[in-house]
Structures are given as C-alpha cells and as structure tokens.
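The values are calculated or read from the model by the stated rules, or taken from the named source; none is laboratory data. No experiment lies behind these values; they were computed from the predicted model shown. Ideal geometry is used to build each Cβ from the backbone, glycine not excepted, and the neighbour counts take in all protein chains shown. Areas reflect the complete protein model, heavy atoms only, side chains present, ligands, DNA and RNA absent. Shrake-Rupley method; radii C 1.70, N 1.55, O 1.52, S 1.80 Å.
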Amino acid sequence: MESLVKFVQDEFVTKNDLPEFSAGDTITVYYEIKEGEKKRTQFFRGVVIQRRGSGSSETFTIKKMSGTVGVERIFPINLPAIQKIEVEKRGKVRRARIYYFRTLTGKKARIKEARR
C-alpha cells in the first residue's frame with residue numbers, strides 16, 4: 001500500500017524547483033494569494049526553524065518578527081502557490097530543528113552567518 005501511495009505522489013504531484021536551504025537560513029518565500037477574482041504576490045521573510053517530512057509531503061517552518069510578536073508559518077514544499085524562494089543568508093546552527101530560537105529575543109536571537 002505504501003508503494004502505491006509513493007507511486008501516485010511521484011507521478012502526479014508537481015515538484016517546484018527550489019534552492020537548497022536548511023534550518024538557520026534566512027529566506028524569502030514569494031507566494032500567490034487569490035482574493036476573489038484578483039491574484040497578488042506576497043512575500044514572507046524569516047528564519048527557517050525546521051524542515052520536516054520527506055518527498056512530496058515535506059514542509060518547512062519559517063519564523064519572522066512582526067514588531068515584538070513572533071509569527072510562524074508552515075509551507076509545504078510542493079505548494080503550487082509558491083512562486084520562488086530566495087536564500088538571503090546562510091545560518092550556522094548545530095541543530096536541524098532550532099525550537100530554542102522561538103524563545104530568544106533581542107541580540108540573543110541572532111544567528112551567525114555561515115561561510116559557504
């Protein structure tokens with residue numbers, strides 16, 4: 001049964017051509033929003049907290065600061081509304097899921113930039 005699900009996902013789910021990014025990177029996601037008849041592009045810029053899952057069901061979580069409030073958003077990798085992803089900065093972190101970043105504020109909430 002699992003092989004059948006994997007086959008259907010591989011055949012019918014459209015794959016987006018996205019750059020490589022991981023936890024700690026600062027990225028900008030451009031996605032399309034439909035409001036009635038109108039379509040517009042909106043972006044969400046923040047730090048990648050985690051990447052979860054594999055294959056077509058993979059998701060990634062981004063956290064941005066909106067004033068003093070942290071806002072997190074989860075995007076599926078194969079979301080058709082995603083137009084492009086730009087990697088702004090590569091971060092140097094030791095973990096694949098940086099949940100501790102949620103509680104940090106001010107100067108402590110900085111991530112060192114990786115040299116790649």
Can you tell which of Phe60, Phe101 is in a helix (DSSP H, G or I) and either touching a Lys or Arg at 6+ places or on another chain (Cβ under 8 Å) or hydroxyl-bearing (Ser, Thr, Tyr) (or both)? Phe101
Looking at segment 29-64, which of the residues that are open to solvent by less than 20 Å² (accessible area, probe 1.4 Å) and within 14 Å of Asn78 (Cβ to Cβ) is farthest from the chain's Cα centre (by Cα)? Tyr31
Could you list, ordered by first residue, the pairs with Cβ atoms under 8 Å in which the first is in segment 6-27 and closer than 23 Å to Val48 by Cα and open to solvent by 100 Å² or more (accessible area, probe 1.4 Å) and the second is in a loop (DSSP other than H, G, I, E, B) and aliphatic (A, V, I, L, M), at least 6 apart or interchain? none
Of the conditions (1) open to solvent by less than 70 Å² (accessible area, probe 1.4 Å); (2) within 30 Å of Glu2 (Cβ to Cβ); (3) at pLDDT 95 or above, the single one that Ile74 does not satisfy is (1)
Are any of the residues in segment 77-87 under 29 Å from Arg40 (Cβ atoms), touching a strand residue (DSSP E or B) at 6+ places or on another chain (Cβ under 7 Å), assigned to a strand (DSSP E or B) and open to solvent by 80 Å² or more (accessible area, probe 1.4 Å)? yes
(1) among the small types (Gly, Ala, Ser); (2) open to solvent by less than 50 Å² (accessible area, probe 1.4 Å); (3) outside any strand (DSSP E or B): which one isn't true of Ala96, the others all being true? (2)
If you check every pair at least six apart or on different chains, which have Cβ atoms under 8 Å apart with a residue in segment 62-86 that is among the polar types (S, T, N, Q) first and a residue that is part of a strand (DSSP E or B) second? Gln83/Tyr30; Gln83/Tyr31; Gln83/Glu32; Gln83/Thr41
